[in-house]
Amino acid sequence: MKRFTRRAALLGAGGLAGWGLSGLFRADLPTYAGTDRIVAPTGDTILNDASGLSATPVHKHLTLAEGDQTLIDVIRREMAQARAAGHPLNVGAARHSMGGQAIPREGTALTFANAGIELDSAAQTYRAHAGARWSDVIAALDPAGWSPKVMQSNNDFGLAATYSVNAHGWPVPFGPMGSTVRSLRMVLPSGDLVTCSASENADLFNLGMGGYGLIGVIVDMEIEMTRNTRLVPSFEVMPTTDYAARFKAAIQDPAVTMAYGRLNVERETFFQNALLVTYRETEDQSDLPAAAGSGWMAHAASRIYRAQLGNETFKAFRWWNETTLGPALGGGEVTRNSLINEPVVTLDDRNPDRTDILHEYFVGFDAFDSFVEACQQVIPASYQEFLNVTLRYVAQDDQAVLSFAQVPRIAAVMSFSQELTQRAEADHKRLTRALIDRVVEIGGAYYLPYRPHARLDQLTRAYPSASAFAQAKRALDPNLVLRNNLWDQYLGQL
Ligand SMILES: Cc1cc2nc3c(=O)[nH]c(=O)nc-3n(C[C@H](O)[C@H](O)[C@H](O)COP(=O)(O)OP(=O)(O)OC[C@H]3O[C@@H](n4cnc5c(N)ncnc54)[C@H](O)[C@@H]3O)c2cc1C
């Protein structure tokens, strides 16, 4: 959020001379007159997302925090009005997706800000409003000794949004978050309120899971939880060629409950060394401390992370810190909830001239070495600043129609720092397409909530059910009321 404020200030300082509104926000991103510097326009009827590169005009934007019945009434009313006016509607939560996946062009944008959470310890579930954030969930579950089963590595995101991108985390050995949803209620484009689960309206449940808000507007959800536990980490450094086998063994070890990996990012030795971090329960599980937020270690790590920008020495220093100093200083006991209670802002770049762009690729264990080779050939040769890759496990997902894990996968979450210029944007698009080509060649997939740089044929290769998804959506939503950029640019073309 801070990013947008800074950019708004930039608008005031730089002015928009020579910056015409017609045809804006489509092909080329707007720039300051006579420069290559991208502008992020702001205003009540312009929505953007975490990239700062998705400024899109909307008809109106409402933030809703109503209770159940009022919320449903408002959704129905807004859907009917959007349908009558022939414009789209779409819901968002934190809008951390990076390519307008939560923005309806010239339409009605709803932002959910609800937070009610009720625990059912006997059923090991909680019922929550669709707009609740993971920070709300952890705050409600932690005092009762519970923890979210699967969520992203940060706590800012909305619950229905997490299901709608079918996000995954680093607790093991789980599949994406959709697999932990017992049931949900959503308002369909027809205005009907339906309950969906793996056994009730399962077709809608599987379309909505990773369905990017194109199937219905989710109102509330019942989600599985697990015990919060005290954990202790182990750190192993190895050549990257050993990683897939060692990671697989760790996932198969029932004592391991959380696991991730990292690869080194210095250009000279790019991705040659790997770190595997696994967490196991300690013997003493009594008197767990309350979930902490970002500690001093996380803030210090964030500074070192940023110092890597254009600085090979700091990239090497960070690798030493991650593999040697960090484990020595901060490798002690910690609770599961403290590990996942991390806000995105800790890593904020505090730089108005750059933006953080994420990529994510999913490859089978057998394809991991080929994936690493592809990255070594494509990434260091680009103009982009590559800061980090984290490796996670995602179990096979046979539920979501737009599944990115048709087999068990290693997920590689990548973080780039991109200059806010047209040149950098064009280079990033080229880089992304080159990487996706290589990933789909080896049977992998890329993740859809990030920048919309892929070609349509790349999306259909990575997601073989994309056409079936689009047909099912058209049958449910013949007026195409629920739309966002993922539909406009990709799925709506099928
Ligand atoms: C710093 C960072 C870290 C991340 N880490 C991870 C990670 O560890 N694992 C991972 O898998 N992903 C990760 N992501 C990606 C993240 O999961 C997605 O960007 C997700 O969309 C973020 O949630 P949000 O609340 O910002 O969603 P939004 O961008 O607001 O919405 C996402 C989608 O959900 C739909 N939606 C939202 N609410 C509803 C509703 N009530 N009904 C129907 N549809 C709805 C929207 O229409 C949109 O299509 C990360 C992203 C960032 C920026």
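Give me THR460, THR269 ranked fewest to most by other Cβ atoms within 10 Å of their Cβ, as a rough exposure proxy. Present the calculation step by step, with values, prior to reporting the outcome.
Values: THR460 19, THR269 15.
Ranked by crowding around the Cβ, least crowded first: THR269, THR460.
For segment 104-194, the alpha carbon convex hull comes to 120 Å³ per residue, rounded to a whole number. Please give me the summed charge of the neighbours of ALA80: other residues whose Cβ is under 13 Å from its Cβ, Lys and Arg +1, Asp and Glu -1. With Lys, Arg at +1 and Asp, Glu at -1, the net is 0. By the beta-carbon count within 10 Å of each Cβ, the least crowded to most crowded order of PHE368, PHE174, fewest first, is PHE174, PHE368. Rounded to the nearest 20, the Cβ-based charge dipole of the chain about its Cα centre (Lys and Arg +1, Asp and Glu -1) stands at 1080 debye.
From the residues ASN311, PRO380, PRO254, which one has its Cα farthest along the dipole of segment 241-394 in the positive direction, the dipole being from +1 and -1 charges on Cβ of Lys/Arg and Asp/Glu about the Cα centre? Of the options given, the answer is ASN311.
Shape of segment 248-381 from the C-alpha gyration tensor: oblate (a/c of 1.5 or more and a/b not above b/c, with a ≥ b ≥ c the square roots of its eigenvalues).
Taking only complete DSSP H runs, can you tell me which helices of the chain stretch 24 Å or more along their own long axis by Cα positions and average at least -0.5 on the Kyte-Doolittle scale? Before the final figure, lay out the partial values.
Working: long enough: 68-85 (26 Å, -0.31); 422-441 (29 Å, -0.87).
Span-like helices in the chain: 68-85.
Each of ALA122, ALA160, GLY145 was scored by the projection of its Cα onto the charge dipole of segment 73-173, and the greatest displacement toward the positive side belongs to ALA160; charges sit on the C-beta of Lys, Arg, Asp and Glu.
Per-residue Karplus couplings for segment 228-236, computed as 6.51 cos²θ - 1.76 cosθ + 1.60 with θ equal to phi - 60°, are listed in order as 6, 9, 8, 10, 10, x, 10, 10, 10 Hz, Gly and Pro entered as x.
For segment 259-306, the gyration tensor built on C-alpha atoms gives an oblate shape. Its axis ratio a/c (a ≥ b ≥ c) is at least 1.5, and a/b is not larger than b/c. Dipole check for segment 230-456: with +1 at the C-beta of Lys and Arg, -1 at the C-beta of Asp and Glu, and the Cα centre as origin, the magnitude is about 500 Debye.
Where a ≥ b ≥ c are the square roots of the eigenvalues of the C-alpha gyration tensor, would you call segment 314-404 rounded, which needs a/c under 1.5, or, failing that, prolate if a/b is larger than b/c, or oblate? The shape class here is rounded.
Here is the tail figure for the chain: Cα pairs spaced more than 41 Å apart come to 15 percent of all pairs.
Every number in this text was worked out from the coordinates using simple rules, so none of it is lab data. In this text the structure is predicted, and so the values were computed from the model without any measurement. Positions of Cβ are generated from backbone atoms using ideal geometry, with glycine treated the same way; all protein chains shown enter the neighbour counts.
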